[in-house]
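Novice: Below is the structure I would like to discuss, written out as structure tokens.
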Amino acid sequence: MAVRIRLTRMGRKKKPYYRIVVSNSEAKRDGKFLDVVGTYDPMQKPAVVNFDAAKLNHWLGQGAEPTVTVRSLLKKHGAAPVENA
């Protein structure tokens, strides 16, 4: 079972809001997930990214791989170093 850190979409039509979640790579985008590690709100200027560094480091330590989008968000907003680049 490959575990990924990725975005799941929330919010209304034309008003996206995302959660940064840890899920099985085979699960649907908005399907089951293991843990919520943060949020991303692209509608605010500038975009707001919040995350729990302890949870994020735990899952990265367990071998979870962030998607390209999540990796770029975490690098841009000063997260813990993402080693699996």
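Novice: Let me confirm something: among R19, R29, R71, R6, which residue is loosely packed, with under 14 Cβ neighbours inside 10 Å and either on the phi < 0 side of the Ramachandran plot or assigned to a strand (DSSP E or B) (or both)? Before you say what the answer is, go through the steps one by one.
Specialist: Details: R19 fails: loosely packed, with under 14 Cβ neighbours inside 10 Å; R71 fails: loosely packed, with under 14 Cβ neighbours inside 10 Å; R6 fails: loosely packed, with under 14 Cβ neighbours inside 10 Å.
Testing whether each residue is loosely packed, with under 14 Cβ neighbours inside 10 Å and either on the phi < 0 side of the Ramachandran plot or assigned to a strand (DSSP E or B) (or both) leaves just R29.
Novice: Just checking, which of Y40, Y17 is more than 10 Å from the chain's Cα centre (by Cα) and among the hydroxyl-bearing types (S, T, Y)?
Specialist: Details: Y40 fails: more than 10 Å from the chain's Cα centre (by Cα).
Among Y40, Y17, only Y17 is more than 10 Å from the chain's Cα centre (by Cα) and among the hydroxyl-bearing types (S, T, Y).
Novice: Report, by residue number, each residue of the range 27-46 that is small (G, A, S) and at pLDDT 90 or above. First the steps, then the outcome.
Specialist: Filtering the range 27-46 for residues small (G, A, S) gives 27, 31, 38.
G38 - this is the single residue of the range 27-46 that is small (G, A, S) and at pLDDT 90 or above.
Novice: In the range 33-54, which residue that is surrounded by 11 or more Cβ atoms within 10 Å (Cβ to Cβ) and charged (D, E, K, R) is farthest from H77 (Cα to Cα)?
Specialist: We begin by selecting, within the range 33-54, every residue surrounded by 11 or more Cβ atoms within 10 Å (Cβ to Cβ); these are 33-43, 47-53.
With charged (D, E, K, R) added as a condition, the list becomes 35, 41, 52.
Values: D35: 20, D41: 13, D52: 13 Å.
Only one residue fits best here, namely D35.
Novice: Test N84 against the criterion of being outside any helix (DSSP H, G or I), surrounded by fewer than 12 Cβ atoms within 10 Å (Cβ to Cβ) and modelled with pLDDT of 90 or more, and give yes or no. Reasoning before the result, please.
Specialist: Numbers: outside any helix (DSSP H, G or I): yes; surrounded by fewer than 12 Cβ atoms within 10 Å (Cβ to Cβ): yes; modelled with pLDDT of 90 or more: no.
Considered against the rule, which asks whether it is outside any helix (DSSP H, G or I), surrounded by fewer than 12 Cβ atoms within 10 Å (Cβ to Cβ) and modelled with pLDDT of 90 or more, N84 comes out as no.
Novice: Same structure again: Report, by residue number, each residue of the range 50-68 that is touching a strand residue (DSSP E or B) at 6+ places or on another chain (Cβ under 7 Å), outside any strand (DSSP E or B) and closer than 17 Å to T39 by Cβ.
Specialist: Within the range 50-68, D52, K55, L56, W59, T67 qualify.
Novice: While we're here: Within the range 5-24, track down each residue that is over 14 Å from M43 (Cβ atoms) and touching an Asp or Glu at 6+ places or on another chain (Cβ under 6 Å).
Specialist: Those that are over 14 Å from M43 (Cβ atoms) and touching an Asp or Glu at 6+ places or on another chain (Cβ under 6 Å): T8, V22.
Novice: Would you check which residues across the range 4-37 are in contact with a helix residue (DSSP H, G or I) (Cβ under 7 Å, 6 or more places away or on another chain) and closer than 16 Å to H58 by Cβ and list them? First the steps, then the outcome.
Specialist: Our first condition is that a residue be in contact with a helix residue (DSSP H, G or I) (Cβ under 7 Å, 6 or more places away or on another chain); within the range 4-37, this holds for 5-7, 20, 22, 35, 37.
Correct list: I5, I20, V22, D35, V37.
The values are calculated or read from the model by the stated rules, or taken from the named source; none is laboratory data. All figures in this text were calculated on a predicted structure; none of them were measured in a lab. Neighbour counts are summed over all protein chains in view; Cβ atoms, including those assigned to glycine, are modelled from backbone coordinates with ideal geometry.
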